[in-house]
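Data first, discussion second: the structure below is written as structure tokens.
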Amino acid sequence: MAVPPLKLVRWFIGIVGGVLVGLWIAVAAVSRAPVLQKKLIDTLAEKLDADVELANFDVKTFPTFRIHGDNLKLRLKGQRERSPFIEIRHFEVSGGLFGMLRKQRRFKSVDLEGLVITIPPRTRDDKEAGVKTASAVDDGPVLIDRVEAKDAKLIIVPKNPLKEPKVFAIHDLQLESVGFNRAMPFIATLTNPIPEGEIATKGTFGPWIKNDPGLTPLSGTFTFERANLDTIKGIGGILSSAGSFGGHLDEIEVKGKTSVPDFRIDVGGTPVPLETEYHAVVDGTNGNTYLKQVQAKLNQTPIEVSGAIESQPGVKGRSVTLDMAIRDGAMEDVLKLAVKAKKPVMTGRIALKSKLVLPPGKESVSDRLQLAGHFALEQTTFTDPAVQEQLAMLSRRARGKKPDEPMGKIVSEMRGRFTLRDGVLRLDPLGFDVPGADVSVSGSYGLRSEFVEFAGTLSMAAPVSKAMGGGIKGFFLKPFDPIFRKNGKGAVIPITIKGPREKPKFGLDWGKVFK
């Protein structure tokens, strides 16, 4: 069917008019490229209080309208740090033509390549003033609908110039409703170096505090999945964590939970489940972490922890200093973690209070770990029937009973003070009680060598003659009863315990006997 000539004319005029309008807009935009470049530099300089460098700036109108730029660098006013505060290798801005040409420009998206953000140490200590500034800023206009950066880096420079900066690799960062005077929603994924694992986080960031970036507020939630604890030499397991955070870039309050179903240390033989619920504060200026409260559970044993993970002047790495307390725990949970054995050596209840120090270094955790404290074991029974029978025999002799007299279940108690350093556990003193006998010894146990070496005394209720069961042996030992009778006890005998953990040798300390 033929098209009326008048309709063809209208189509022709419409098409030509649309092309002319498009060309006019494109020419206007291109002609305003220097204006846009200057506006960009002036805005960044004003809003971020920074000196701005921009190597290349280009406006393209075909096939879509885009702005390209290269090597954008921003340095804060008075910045001492060599690295720029913000460095972008390449950026691309896209948006509607009319949005770009109007006075209050609003862009649809900005894509960034090679983004590096370096947070310098705090330039002033007036934190309260910074907080008031952040809370007083109104929600400003949206300048960019979406900002996306791939493979970016966040570098936090510590106050101490001798310390290395803390570097986070951010694989994917997305910001929405971006503006200088507003809180901006964000989503990010990044790699945590130690322990190695992926962190996924989302929340809000801003408004920007240009005089002190460290006081810029942020808040959100995070998940930390399948973190490999094997990247910390000396321990192992797969950690999962989730929680929330809030505060400012230089001081972030974190609350969360962690779970390690297979936690282990390199001197132990059995992985044990470990769960924690924690409240910590992270100082973003130096990376120090302060554990306000940690409620941990090692299998079924609750542990209370507080302390700090801090850098030390002139030392590479961070020191861990913790106060730990077990008020009523299962001894087998602790022994599974620390002793190589198919089953726990003993069972019972444990109470413990200890100071833990883990200095930085390349050595294994078990070689660097330092402990000092005291403990008490109650309702203790040994899992090896032969050991239990020896304890029953000791109890019989100590009370002057016959060797075949039934004893029932022997429950012992243990207490003492301990220190751990260089992989060697020292106990001074160690007290061990069974019905009728008290053992008090001092000595050491090698975590790696599993070698036991103790010396001390065995105190018995019965004298030596009765401890040997009476009879002919008792008759000949009766003259020695006064020699060993001491401190109201029937006998106090110097003893030694020495040898491998599985088969230690018990004996008399003859030197002390003759002395």
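The values are calculated or read from the model by the stated rules, or taken from the named source; none is laboratory data. Because the structure is predicted, anything quoted here is derived from the model rather than measured. Counting neighbours? That spans all protein chains shown, and the Cβs are built from the backbone with ideal geometry, glycine included. Ligands, DNA and RNA are stripped out before the accessible areas are found, and what is left, the full protein with its side chains, is counted by its heavy atoms. Shrake-Rupley method; radii C 1.70, N 1.55, O 1.52, S 1.80 Å.
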Accessible surface, segment 384-475, averaged per residue in Å² (probe 1.4 Å) | 53 Å²
Taking segment 260-418 and dividing mean pair separation by its residue count, relative contact order in percent (alpha carbons under 8 Å, at least six apart) | 17 percent
For Ile209, residues with placed amide H under 5 Å, excluding near neighbours = Thr216
Relative to the compact-globule scaling 2.2 N^0.38 Å, provide the ratio for the alpha-carbon radius of gyration of segment 328-440.
-> 1.25
Residues with amide H under 5 Å from that of Ile144, placed H, sequence gap 5 or more | Phe107, Val178
Would you work out which of Gln295, Met331, Leu356 lies farthest towards the positive end of the dipole of segment 271-414, given +1 charges on the beta-carbon of Lys and Arg and -1 on that of Asp and Glu, about the Cα centre?
-> Met331
Simple label model, 7 Å out from Cα along Cβ direction - Asp58 to Thr347, nm | 7.6 nm
Which FRET efficiency, nearest 0.05, do Glu46 and Ile187 yield, Cβ-Cβ r, R0 35 Å?
-> 0.80
Could you work out the local net charge near Ala188, counting Lys and Arg as +1, Asp and Glu as -1, over the other residues with Cβ closer than 14 Å to its Cβ?
-> -1
Accessible area in the full protein assembly, largest first, 1.4 Å probe, for Arg421, Arg226 = Arg226, Arg421
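When the solvent-accessible surface of protein heavy atoms is calculated with a 1.4 angstrom probe, in what order do Ser465, Ser219 fall, highest first?
Values: Ser465 10, Ser219 50 Å².
If we order Ser465, Ser219 from most to least accessible, we get Ser219, Ser465.
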Heavy-atom accessible area per residue, segment 150-202, 1.4 Å probe: how many Å²?
-> 54 Å²
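Would you mind counting up the charge near Gly416? Only other residues with Cβ under 14 Å from its Cβ, with Lys and Arg at +1 and Asp and Glu at -1.
Local charge sum for Gly416: -1.
Can you give me the accessible area per residue for segment 297-347, using a 1.4 Å probe, in Å²?
So segment 297-347 comes to 53 Å² accessible per residue, rounded to a whole number.
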Can you spot the lysines whose alpha carbon is less than 26 Å from Lys73's alpha carbon? Ignore those fewer than 8 places along the same chain.
-> Lys38, Lys39, Lys47, Lys60, Lys103, Lys108, Lys150, Lys153, Lys159, Lys163, Lys166, Lys210
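Ignoring ligands, DNA and RNA, please state the percent of accessible area on segment 351-474 from carbon and sulfur, probe 1.4 Å.
Carbon plus sulfur share of accessible area: 57 percent.
Could you please report the charge total around Pro403, scoring K, R as +1 and D, E as -1 over all other residues with beta-carbon less than 13 angstrom from its beta-carbon?
+4
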